[in-house]
1. Looking only at segment 30-65, filter to residues that are hydroxyl-bearing (Ser, Thr, Tyr) and surrounded by fewer than 18 Cβ atoms within 10 Å (Cβ to Cβ); which one of those is farthest from ligand 1 (Cβ to nearest atom)?
2. Anything in segment 69-117 that is assigned to a loop (DSSP other than H, G, I, E, B), more than 16 Å from ligand 1 (Cβ to nearest atom) and in contact with a helix residue (DSSP H, G or I) (Cβ under 9 Å, 6 or more places away or on another chain)? List them, or say none.
3. Away from ligand 2 (no atom under 16 Å from the Cβ), assigned to a helix (DSSP H, G or I) and either more than 28 Å from ASN181 (Cβ to Cβ) or among the polar types (S, T, N, Q) (or both): is that true of ASN49 in this structure?
4. Among the residues of segment 58-68, is there at least one that is in a helix (DSSP H, G or I) and either in contact with a helix residue (DSSP H, G or I) (Cβ under 6 Å, 6 or more places away or on another chain) or away from ligand 2 (no atom under 16 Å from the Cβ) (or both)?
5. Filter segment 8-57 for residues that are in contact (Cβ under 8 Å) with a residue 24 or more places away in the chain and of a type in the set (Asp, Glu) and give the result.
6. Looking at segment 151-161 only, could you name the residues that are farther than 21 Å from LYS122 by Cα and either in a loop (DSSP other than H, G, I, E, B) or without any contact (Cβ under 8 Å) to a residue 12 or more places away in the chain (or both)?
7. Residues in segment 175-198 that are within 16 Å of ligand 1 (Cβ to nearest atom), within 14 Å of the chain's Cα centre (by Cα) and small (Gly, Ala, Ser): how many?
Amino acid sequence: MLSAHELKVFYGVIQGLKGVDIEINDREIVTLIGSNGAGKTSTLNGIINLVRSTGTVNFLNEDISRSQTHHIVRKGLALVPEGRKIFTNLTIEENLRMGAYNNLANFTHLRDRMFTLFPRLKERRKQMAGTMSGGEQQMLAIARALMSEPVLLMLDEPSLGLAPKVVGELFTIIRQLREENITILLVEQNATAALTIADRAYVLENGKIVLSGAAQEVLANPEVKKMYLGG
Ligand SMILES: Nc1ncnc2c1ncn2[C@@H]1O[C@H](COP(=O)(O)OP(=O)(O)OP(=O)(O)O)[C@@H](O)[C@H]1O
Ligand SMILES: [Mg+2]
């Protein structure tokens, strides 16, 4: 479905990503783990062209490396950004409308689908998004991304700052999305949780992939255990 080759990301003179190769197949959950500053966000932002990058990215048989983000989104790739970035002064429903900006004809239908998937959002649909709990805001960020009807959803640290119980609910939702044939690229610092639901994993260090393989193998890797799984 997606492949990135020699992906590099630049912030002025700083290189955030130093040549990364990633492949994601139809209906997989792939996780990208690594410590702070490893290049996880840069990888996602580089793929969807929110930052200056070089290398090639292929998505659904099209070279999107030079495409504009809105074109990539319309083609079926969506990002739930780090820190959620919801519009706190807009209502839940207005946030969903923003996510459907290229798909407004289907707004009502898609909104109702999100309300089925996330009943809490329905209860609070007229409420300002900033008044919701962290977990609810994360659900809203995911719902907003789903409004563009992606076939591939990239999530940047969705569990950050959430209570364990809420993290459990979030991962249940991610599994459920895959059942609905949405392919997932999941960036997480909660490596144990991510490796438990993923099919395959990549480990990033200093802007490079240092390990990749079946998630169960990565989970059992002694180096990974020591570095990312707390022993
Ligand atoms: N806007 C920016 N300007 C300058 N350097 C940046 C910028 N964003 C990221 N970097 C640098 O690029 C490298 C990769 O950062 P990136 O944000 O991709 O890491 P990350 O793995 O997502 O980290 P975290 O877990 O903290 O979110 C780091 O060295 C970081 O300092
Ligand atoms: Mg990040």
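1. That would be THR56.
2. So in segment 69-117, the residues assigned to a loop (DSSP other than H, G, I, E, B) come out as 76, 81-90, 100-103.
Narrowing further to those that are more than 16 Å from ligand 1 (Cβ to nearest atom): 76, 86-90, 100-103.
If the condition is that a residue be assigned to a loop (DSSP other than H, G, I, E, B), more than 16 Å from ligand 1 (Cβ to nearest atom) and in contact with a helix residue (DSSP H, G or I) (Cβ under 9 Å, 6 or more places away or on another chain), then ILE86, PHE87, THR88, ASN89, LEU90, ALA100, TYR101, ASN102, ASN103 are the ones that fit.
3. Here the answer is no, as ASN49 does not meet what is asked.
4. No; the residues of segment 58-68 include none that is in a helix (DSSP H, G or I) and either in contact with a helix residue (DSSP H, G or I) (Cβ under 6 Å, 6 or more places away or on another chain) or away from ligand 2 (no atom under 16 Å from the Cβ) (or both).
5. Selection gives ASP21, ASP26, GLU28.
6. Pass one, segment 151-161, residues farther than 21 Å from LYS122 by Cα: 151-157, 159-161.
Hits for segment 151-161 are VAL151, GLU157, SER159, LEU160, GLY161.
7. 1
Every number here is computed from the coordinates shown, using simple stated rules; none is lab data. Everything numeric in this text was worked out from a predicted model, so none of it was measured. Don't worry about glycine lacking a Cβ; one is built from the backbone with ideal geometry, like all the others, and counts go over all protein chains shown.
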